[in-house]
Amino acid sequence: MAKGSAAFEGELCKGCGLCVNACPQHALEMDQTVINRKGYHPAHFIAGREHECIGCAMCAVMCPDQGIEVEKFDRVTPSDAEAKG
Ligand code: SF4
Ligand code: SF4
């Protein structure tokens, strides 16, 4: 179950690869099938690895063009709820 998600604005990407290297889950790659308006292969999730995202936002922090938005899922499990009363 994914603990977070990241949304990539492909047209902002300049193909630097910093997010790919920063991702601790190794869930990202440059999309060799797409060329954006700037002429770069934009970053995206490796097919099938979206669920590996932990919402750490390392990719978004590293991106020099603010092209990534990360959401960290905040799930309250029944045991959490009990612990909090
Ligand atoms: S939020 Fe973290 S785990 Fe998710 S894609 Fe970005 S760097 Fe990887
Ligand atoms: S860090 Fe930003 S600009 Fe660089 S590859 Fe990732 S999304 Fe593209």
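Close contacts from the range 56-71, counting a first residue that is under 13 Å from Gly15 (Cβ atoms) and a second that is more than 10 Å from ligand 1 (Cβ to nearest atom) and hydrophobic (A, V, I, L, M, F, W, C), with Cβ to Cβ under 6 Å and a gap of 6+ residues or different chains, come to Asp65/Leu12; Gly67/Leu12; Gly67/Cys13.
Considering the range 37-74, the residues that are part of a loop (DSSP other than H, G, I, E, B) and near ligand 2 (Cβ under 9 Å from one of its atoms) include one that is surrounded by the most Cβ atoms within 10 Å (Cβ to Cβ), namely Cys63. Just checking, how many residues over the range 7-28 are out of contact with any helix residue (DSSP H, G or I) (no Cβ under 6 Å at 6 or more places or on another chain) and either aliphatic (A, V, I, L, M) or surrounded by 17 or more Cβ atoms within 10 Å (Cβ to Cβ) (or both)? The total comes to 6. Go through (1) near ligand 2 (Cβ under 10 Å from one of its atoms); (2) touching a residue at least 24 places away in the same chain (Cβ under 8 Å) one by one and return the number of the condition Met30 breaks. Failed condition: (2). For the range 1-13, filtering for residues that are under 17 Å from Glu69 (Cβ atoms) and either near ligand 2 (Cβ under 9 Å from one of its atoms) or part of a loop (DSSP other than H, G, I, E, B) (or both) leaves 7.
Based on what the data block shows, is Lys3 modelled with pLDDT of 95 or more, of a type in the set (Lys, Arg) and away from ligand 1 (no atom under 16 Å from the Cβ)?
On the way: modelled with pLDDT of 95 or more: yes; of a type in the set (Lys, Arg): yes; away from ligand 1 (no atom under 16 Å from the Cβ): no.
In short, no.
If you filter the range 17-36 down to residues that are in a loop (DSSP other than H, G, I, E, B) and within 15 Å of the chain's Cα centre (by Cα), you find that the one that is farthest from Met62 (Cα to Cα) is Asp31.
The values are calculated or read from the model by the stated rules, or taken from the named source; none is laboratory data. Since we're looking at a predicted model, the values are computed, not measured. No Cβ is skipped: glycine too gets one built from the backbone with ideal geometry, and neighbour counts run over all protein chains shown.
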